[in-house]
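Before any comments, here is the structure.
The values are calculated or read from the model by the stated rules, or taken from the named source; none is laboratory data. Being a predicted model, the structure only gives us computed values, none of them experimental. Counting neighbours? That spans all protein chains shown, and the Cβs are built from the backbone with ideal geometry, glycine included. Surface accessibility is based on the protein's heavy atoms, side chains included, excluding ligands, DNA and RNA. Shrake-Rupley method; radii C 1.70, N 1.55, O 1.52, S 1.80 Å.
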Amino acid sequence: MPVPITVNFRDMFPSPSVDAFVRRWANRLARFEPRVQHVEVTIDLPHRHHERGSHFRAQVVVARPGREIAVSHEPGDDAAHEDVRVAVRDSFRAARRQLEDARRVRAHRAA
């Protein structure tokens, strides 16, 4: 059964291509951790700088039994997060690392 995925755009126009990109990452995350029940992603454009450019922020919330993982990857000073796909990718990678850590903790407790 597919995992429910919610994609929210804040302070920017919704983009079908970005929505599809987010859904691919969410499905990849759900294949990695089959206990995922829901994924909610919020993408926003918090600052609009004329000189340094605009940096996107992506927040990923992963719901699974007994725990919810929330990752908000803040844009740094570099220009990497001027691309919305890089911001989304970085947030999903951080969420996966947290899921890996939780998996290691479960395995340690079971041993």
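Look at segment 84-111: where a residue is more than 20 Å from Val36 (Cβ to Cβ) and among the aliphatic types (A, V, I, L, M) and a partner is assigned to a helix (DSSP H, G or I) and open to solvent by 30 Å² or more (accessible area, probe 1.4 Å), sitting 6+ places away or on another chain with Cβ atoms under 7 Å, you get Val86/Ala80. Show me the strands (runs of 3 or more DSSP E) found entirely inside segment 1-81 where at least 3 residues are at pLDDT below 90. Output list reads 38-49, 53-64, 67-73.
For Phe92, the conditions (1) assigned to a strand (DSSP E or B); (2) of a type in the set (Phe, Trp, Tyr); (3) at pLDDT 90 or above all hold with the exception of (1).
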